[in-house]
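Here the structure is laid out as structure tokens; the discussion comes afterwards.
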Amino acid sequence: GPPKGAHEWPLGGRGWGGGMAPRDGGGRRGGGRSRPVAANGGESKTDGAHVGWRCRNLWLPVGLIAAVLWASLLAFSSGLLHGEHGQHGTLPVSGSGPGGTSMEQAIQPWRSRVAEVEGEVRGLRSELARRDELVTELTERLRGAKVPLRDAASGSGGAPSLRARSAAVVAAAPVALAAKNELTLMPPLKVDGAGVAQPGVSESSECTFQDGLDYLSDGGEEEVVEHILAQECCNLCLDRNRRRPGSCAVGVLSAPMDNPPNACWLKSRAVRAVRKEGVRACWPPGSKFVPSEPDRAENDVAAKHDERLAKYAAAAGSSESKPDAATLRTRAGAIRGAIKHAWDAYHKLAWGRDELMPISGRGVDRKFNHAVTMVDSLDTLWIAGLKDEFNDAKEWIAQHLPEKLRSMSSGVSMFETTIRTLGGLLSAYDLSRETVFLELAKQLGSRINSAIGTNGVAPYTFGGGNGGSHCRSLAESGTNQLELRYLAHVTGDPSFATKANNFYKEVVGKPSVDGLWPNCFQNGRGKITFGADGDSFYEYLVKVWIQNGKQEDDLWEMYDRAADGLEKHLVKQGADGLTYLGTGNWGGGAEKPIYVEEMEHLTCFVPGWLALGAQSEKGAAKREQRMELAAKIAYTCWQMYEQQPTGIGPERVKFLKMDLSKTDTKEYILRPEALEGWWYMSELTEDPRYREWGWQAFTSFEKWLWVKNGYASLKDVTKTNKQYIDRMESFWIAETLKYAFLLQDPDHTIKLDRYVLNTEAHPLSVLEFAPKPPR
């Protein structure tokens, strides 16, 4: 899965880090995400009394300003007078010495400024008095107006709600103030071509409504007010613009079947329109530019995508029976289409850049500055049969990557570069036998190897330093052995692997508890986890053992003890009957780790990790126990998806339950670990349920993540209004879609008796079968 430990969205291991997506440090890819603005649904308090209270309370700051200025003047004068009679001699007079200045000249600027402020204060007092008069008059007019006594939103009788009264104030205020002609009115708002509210001139007092169109934002501020009518939604948007000009581009009323239903989403940006049945867009008065519905070309693309979604339902099967080969090939073809859609968008809009921003429709570099999405995607293109796309990338890489790697900054994450770029180059060589990739891997591998200490401990970046855990983490030092051992083998240069191998000797000499080390292994205490900063260290123990022909018993013993320790200290059953994989805080010594009820999406690789060892000859004694645990954790990962309204799993769940109300990380950043775990379980057990889970997850991705320019991350998997994060991480193609494809394709050749996959899902032949270039 994604870097299993280091990340920089929080940076570090498999998180989003080191120039990649955020991660908590080193490892699979942990880390928090940007959070959407909370929707409070609160009611406006803009009634007459409240406005008057705010105006009158401006007297206090005005008085304080005046007092501070007078105090400063007195202090300055006192200092000057003290100098006239004090021990330091007399106050200089004009011409009395070099630079001499008279007291009068020194004080004069302060007197002038005080006079200016006093004039401003008098003006403010007068203005406040006039505004209070207007507020009083406006309040009296509203009392005399025919305001409905029934709250339109709730239908209840009685006094008008605060929301209704606020809307009435919004509607009546411009008329009353204009009639008085005492104030300069803020003009109503129009919306520019980017969907950003701008001041304009209104020619209508009515809202402009559009049925069946939603407007997507790109991470701008959003606010939601539930259970409301369309006209109220528009009034709230206008009210927000009066209070903060430009803060509401459009209000969108959700459909009755949405969650929440009939809710007004006030959006500060509206980057593009999408069709959605039952919704209603409300453009406030003064919106001279109303974005049109999607153009014909975009409509055609979206319509074809909707048609495909409808067909996907026909390809759904049963978790109890294995789909036939024709159905599986149909599914694989659909996922191949998704890979091509993501790749084509990258090729068109971000070619040669690290990453695609699918909402903005442009490329961006994330510190790496070496087209990391292109390199990371190579083997996925090959496996999916997209050879033309593979060759396009090869041509660019051969021409541009050598210089890119030479000029790579010392601030780039070494962990991320190893698993994404070095792993991607080696896998592309392994599958295609194209030596251009091996030569580039040697260039990059030499730089990585030179940065590793003789004891195998690796820094966070090429220039040194620590990641999200503020230490040299397990994942950063324990997630290069697969890549460097492979490179040493195919080049015949053992020096590539020497220091990496030394890390295993280093870590076994550090304190551990039942085969588990804290992320900060040199400290002898701290957080123990199979999530960010720790995960891929444990992952590589069994994979390195397999890579070298299952000959190194010390690596097997480390893996076996870690699997026992995981079950003993990090596994708990919730009240819902699900098996959760949490973390532990270890104080060191003989203490037991304290269990923390937090399960990261990152840890969903563990079912495959357990099954890999259990299905080996050495794992026979504990096979039944380990496979049962693997199946339970895999099912919990499935429930992380199935129990969400979007059918997509969040970054983590807490408190041994799937209720996300108290979870602060509800985003989905295109992570692969759930699909990864299900693929290993499917390959090793042939249980059809894992394929079905993978297919259902993929159809949810297509429904909620697909955009015209690729696939976007979701801010909140519990919301069905598509609040996007404008990122398409390189691991979306490299891992998530690859695992989805391998789960369904009955003809793939990536078999576990011949390949090991690194933590970025790059397949490398076990050394017995690894291709060596001709001499």
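The values are calculated or read from the model by the stated rules, or taken from the named source; none is laboratory data. The structure displayed is predicted, hence computed values, not measured ones. For neighbour counting, all protein chains shown are included, and Cβ atoms are generated from backbone atoms with ideal geometry for every residue, glycine included. Just so you know, the surface numbers come from the protein's heavy atoms only, side chains and all, with ligands and any DNA or RNA stripped out. Shrake-Rupley method; radii C 1.70, N 1.55, O 1.52, S 1.80 Å.
Laid out as a table, the results:
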{"item": "Subset of segment 559-585 [open to solvent by less than 10 Å² (accessible area, probe 1.4 Å) and among the hydrophobic types (A, V, I, L, M, F, W, C)]", "result": "Ala562, Ala563, Leu566, Leu570, Leu581"}
{"item": "Yes/no for Ile546 being under 29 Å from the mean Cα position of the chain (by Cα) and aliphatic (A, V, I, L, M)", "result": "no"}
{"item": "First in segment 510-525 and open to solvent by 60 Å² or more (accessible area, probe 1.4 Å), second anywhere and not in a loop (DSSP other than H, G, I, E, B), Cβ under 8 Å, 6 or more apart", "result": "Asp514/Arg561; Asp514/Asp564; Asp514/Gly565; Asp514/Lys568; Asp514/His569; Arg525/Trp586"}
{"item": "Residue pairs meeting the criteria (Cβ under 6 Å; at least 6 apart or on separate chains; first over 13 Å from Asn721 (Cα atoms) and in a loop (DSSP other than H, G, I, E, B), in segment 232-258; second among the basic types (Lys, Arg) and open to solvent by 10 Å² or more (accessible area, probe 1.4 Å))", "result": "Ala249/Arg269"}
{"item": "Test result for Gly468, at pLDDT below 95, surrounded by 20 or more Cβ atoms within 10 Å (Cβ to Cβ) and outside any helix (DSSP H, G or I)", "result": "yes"}
{"item": "Odd one out for Leu474 among (1) of a type outside the set (Phe, Trp, Tyr); (2) closer than 17 Å to Val375 by Cα; (3) open to solvent by less than 10 Å² (accessible area, probe 1.4 Å)", "result": "(2)"}
{"item": "Flag for Val290 being among the β-branched types (Val, Ile, Thr), open to solvent by less than 20 Å² (accessible area, probe 1.4 Å) and either in contact with a Phe, Trp or Tyr (Cβ under 6 Å, 6 or more places away or on another chain) or at pLDDT 80 or above (or both)", "result": "no"}
{"item": "Selection count where residues are open to solvent by less than 40 Å² (accessible area, probe 1.4 Å), under 22 Å from Ala398 (Cα atoms) and out of contact with any helix residue (DSSP H, G or I) (no Cβ under 7 Å at 6 or more places or on another chain), scope segment 351-367", "result": "1"}
{"item": "Test result for Gly278, part of a strand (DSSP E or B) and either farther than 27 Å from Ile419 by Cα or at pLDDT below 80 (or both)", "result": "yes"}
{"item": "Segments classed as helices (runs of 4 or more DSSP H), wholly inside segment 379-451, with at least 1 members that are open to solvent by less than 50 Å² (accessible area, probe 1.4 Å) and among the acidic types (Asp, Glu)", "result": "387-406, 423-432"}
{"item": "Single residue of segment 703-749 satisfying the filter (of a type in the set (Ser, Thr, Tyr) and in contact with a Leu (Cβ under 6 Å, 6 or more places away or on another chain)) that is nearest to Ser377 (Cα to Cα)", "result": "Thr736"}
{"item": "Boolean, Phe537 is buried (at least 21 other Cβ atoms within 10 Å of the Cβ), in a loop (DSSP other than H, G, I, E, B) and in contact (Cβ under 8 Å) with a residue 40 or more places away in the chain", "result": "no"}
{"item": "Sole residue being farther than 27 Å from Arg362 by Cα, touching a residue at least 24 places away in the same chain (Cβ under 8 Å) and open to solvent by 30 Å² or more (accessible area, probe 1.4 Å), chosen from Asp753, Asp747", "result": "Asp747"}
{"item": "Which numbered condition Asn262 misses (of (1) of a type outside the set (Val, Ile, Thr); (2) at pLDDT 85 or above; (3) within 28 Å of Lys304 (Cβ to Cβ))", "result": "(3)"}
{"item": "Test: residue in segment 698-707 that is out of contact with any Asp or Glu (no Cβ under 9 Å at 6 or more places or on another chain), open to solvent by less than 10 Å² (accessible area, probe 1.4 Å) and among the β-branched types (Val, Ile, Thr)", "result": "yes"}
{"item": "Some residue of segment 714-729 being polar (S, T, N, Q) and in contact with a Gly (Cβ under 9 Å, 6 or more places away or on another chain)", "result": "yes"}
{"item": "Single unsatisfied condition, Arg329 versus (1) open to solvent by 40 Å² or more (accessible area, probe 1.4 Å); (2) under 27 Å from Arg689 (Cβ atoms); (3) under 28 Å from the mean Cα position of the chain (by Cα)", "result": "(3)"}
